[in-house]
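The values are calculated or read from the model by the stated rules, or taken from the named source; none is laboratory data. These figures come from a predicted structure and were not determined experimentally. FYI the Cβ positions are ideal-geometry reconstructions off the backbone, even for glycines, and counts take in every protein chain you see.
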Amino acid sequence: MTTHVPAHDPRWRRLPGERPHQLIDAALDVFSEHGFNAAKLDDIAHRAGVSKGTIYLYFASKEELFKAVVNDVIAAQLWTSRDGNAPTSAAESLERALRAHWTFTTNAKFDGWFRILVAELPKHPELLAFYNREVIDRAWSLLEQIIAQGVASGEFRPIEPRLAVGFTNALVVMHRHWVSNCSIRPEYQQRDRQQLIDGIVDFALAALRNPASTRPAE
């Protein structure tokens, strides 16, 4: 009897060994270096040290391999901010999330992903919808919950949580772009990155804190 496997279940998850992970790592590098459109499966296979045909044993197309990279590398980072002891306040939760996002996005391996998101994915609506659903929507939902809890407790001033998410996320995303190799503000490449995220966190929390709150600042 043939067992039915849901269409959304990647084939590689049902196969043993490290080969799929090698392909995903290689694909991450090639996508970041060349972009999605210019990336070739031949280059990914060469980077992974396998034949092009090996890729098709695990992934039906370049698009499916891209989705695997998004799920197993990008989306997986969403939970980094939840590591460690439970936060004691909304401010601590938000700071942890912002710092985790900064650490992840400023990794040199992801320099090309900003270009992919802004310049390429809009031309691939299905992949854009996938990235929004698996990464951005989930990340924004987490931040929205944190800010909503802070507003409800009186720790943060009254503000629409969804708008506040966009404001705080923009601080990280734009500064991440400014320190990258393709920056339109190259002077930022010389800035100390630790000082930048310290300033981002301080700015965001200062903007959100409720001056009437009796909770001491973190």
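List of remarks:
- Residues in segment 148-169 that are in contact with a strand residue (DSSP E or B) (Cβ under 9 Å, 6 or more places away or on another chain) and under 11 Å from Ala204 (Cβ atoms): Phe156, Ala164.
- Being assigned to a helix (DSSP H, G or I) and either closer than 21 Å to Leu142 by Cα or touching a His at 6+ places or on another chain (Cβ under 9 Å) (or both) holds for only one residue in Leu94, Leu28, and it is Leu94.
To keep it simple, each residue is scored yes or no on (1) of a type in the set (Phe, Trp, Tyr); (2) without any contact (Cβ under 8 Å) to a residue 40 or more places away in the chain; (3) part of a helix (DSSP H, G or I).
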position	(1), (2), (3)
His34	no, no, yes
Gly53	no, yes, yes
Phe59	yes, no, no
Leu65	no, no, yes
Val69	no, no, yes
Ile74	no, no, yes
Ala86	no, yes, no
Arg99	no, no, yes
Gln145	no, yes, yes
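- Number of residues in segment 170-193 that are within 19 Å of the chain's Cα centre (by Cα) and closer than 20 Å to Lys109 by Cα: the value is 13.
- So Arg138, is it surrounded by fewer than 18 Cβ atoms within 10 Å (Cβ to Cβ), charged (D, E, K, R), within 14 Å of Ala97 (Cβ to Cβ) and assigned by TED's automatic domain parsing to the domain that holds Asn107: yes
- A search for C-beta distances below 8 Å between a residue of segment 110-138 that is over 19 Å from Arg176 (Cα atoms) and in contact (Cβ under 8 Å) with a residue 60 or more places away in the chain and any residue that is among the small types (Gly, Ala, Ser) and part of a helix (DSSP H, G or I), counting only pairs 6+ apart in sequence or on different chains, returns Glu134/Ala75; Arg138/Ala75.
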